Amino acid sequence: MTQEMERRISLEGCVNFRDLGGYPTTDGRTVRWRRLFRSDSPSSLTEADVETITGSLGVLSVVDLRSNGGETSNDGRGLLAHSGIGYHQFPFLERRGFLPPTSGEEVEKRLTDMYQWVLMNAGSLVAQAFATLAQPVNQPALFHCSAGKDRTGLLAATILDVLGVGREDIVNDFLATNEVIDAILARLQGMPGFLGSTREGIMAPRSAIEKYLDVTQSEFGGSEAYLVHHGVQQSIIDGFRESMLE
């Protein structure tokens, strides 16, 4: 299989399900395949999808980045909730009080502002989500939000940065959501509160993720230092890096 075929996994109920593996690191290693997966909401997974995720991919745990209340109650966890795998929730945006923008108005600025809010105000949740995914007992693991773009994208970027993946690959992983943007839009527009979503409003903008990475570096000294600052033990990061790279 090609790397692209390996990375994007076709499911009936998810349109943005991807393997975080396969990226080269700056020290010459490679992120292991089939250890971490990122996705949009799994609420519409079919029984066959659940079998793929828990059987073929062997996923043992889920990290849900959505907020309590409207998001989880309206969208739910779907059939995966009955599969017996572990479930952990870290609602990055809950204290902010409103969700990522999905209309086309000033989307780059609004997303950039939101990413900066997460960086400065949800660090403990980012750290807890990372530490949960880093535990070998939880892997292979899936982490997701609603579209698999914003909150999921920030956590994926942090993970890849910690692993030593180069900046352009980190940004391209974030931008890969745009390859399935029409399918994400169709799905969002069928959910309560998202009828006004537009294609422009849910595109993943390069500028927003680049500023997130830049400010992480300038304010904290990088993603690793950011996680340590917010309570992740250095031994967890070191162990995660060794287990995730080959």
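Could you give the distance between the Cα centres of the stretch 81-141 and the stretch 169-246, to the whole Å? Rounded to whole Å, the Cα centres lie 9 Å apart. Ranked by the mean number of other Cβ atoms within 10 Å of their residues, highest first, the peptides 40-49, 218-227 come out as 40-49, 218-227.
When Lys and Arg each count +1 and Asp and Glu each count -1, what net charge do the other residues less than 13 Å away from Glu246, Cβ to Cβ, add up to?
+3
Highest mobility in the GNM of the chain, judged by mean-square fluctuation with C-alpha springs under 10 Å and restricted to Ser103, Ser124, Ser235, is found for Ser235. What does the net charge come to around Tyr226 if you take all other residues with beta carbon closer than 12 Å to its beta carbon, with K and R at +1 and D and E at -1? Charge balance in the 12 Å sphere: -3. Taking a Cβ cut-off of under 9 Å around Arg18, the surrounding Lys, Arg, Asp and Glu residues balance to a net charge of +1, with basic ones at +1 and acidic ones at -1. The GNM of the chain, with springs linking C-alpha atoms under 10 angstrom apart, assigns the highest mean-square fluctuation among Gly78, Gly55, Gly148 to Gly55. Only helices enter this figure: runs of n ≥ 4 DSSP H residues, each worth -39500 (n - 2.57), summed and divided by the residues of the chain, yield -13000 deg cm²/dmol at 222 nm to the nearest 500. For P(r) over Cα pairs in 10 Å bins from 0, in percent, the candidate list reads (1) 7, 34, 40, 17, 1; (2) 7, 33, 36, 18, 5, 0; (3) 8, 31, 30, 19, 9, 3, 0; the entry that matches the value derived from this model is (1). Overall, the stretch 149-246 carries a charge dipole of about 420 debye about its Cα centre when +1 sits on the Cβ of Lys and Arg and -1 on the Cβ of Asp and Glu, all other atoms neutral. By the beta-carbon count within 10 Å of each Cβ, the least crowded to most crowded order of Asp161, Asp214, fewest first, is Asp214, Asp161.
Largest mean-square fluctuation among Leu60, Leu160, Leu36, in a Gaussian network model of the chain whose springs join Cα atoms under 10 Å apart, belongs to Leu60.
FYI, it's all coordinate maths here, none of it is from the lab. Keep in mind it's a predicted model, so treat the numbers as computed, not measured. Heads up, the Cβs are rebuilt from the backbone with ideal geometry, glycines too, and the neighbour counts pull from every protein chain shown.
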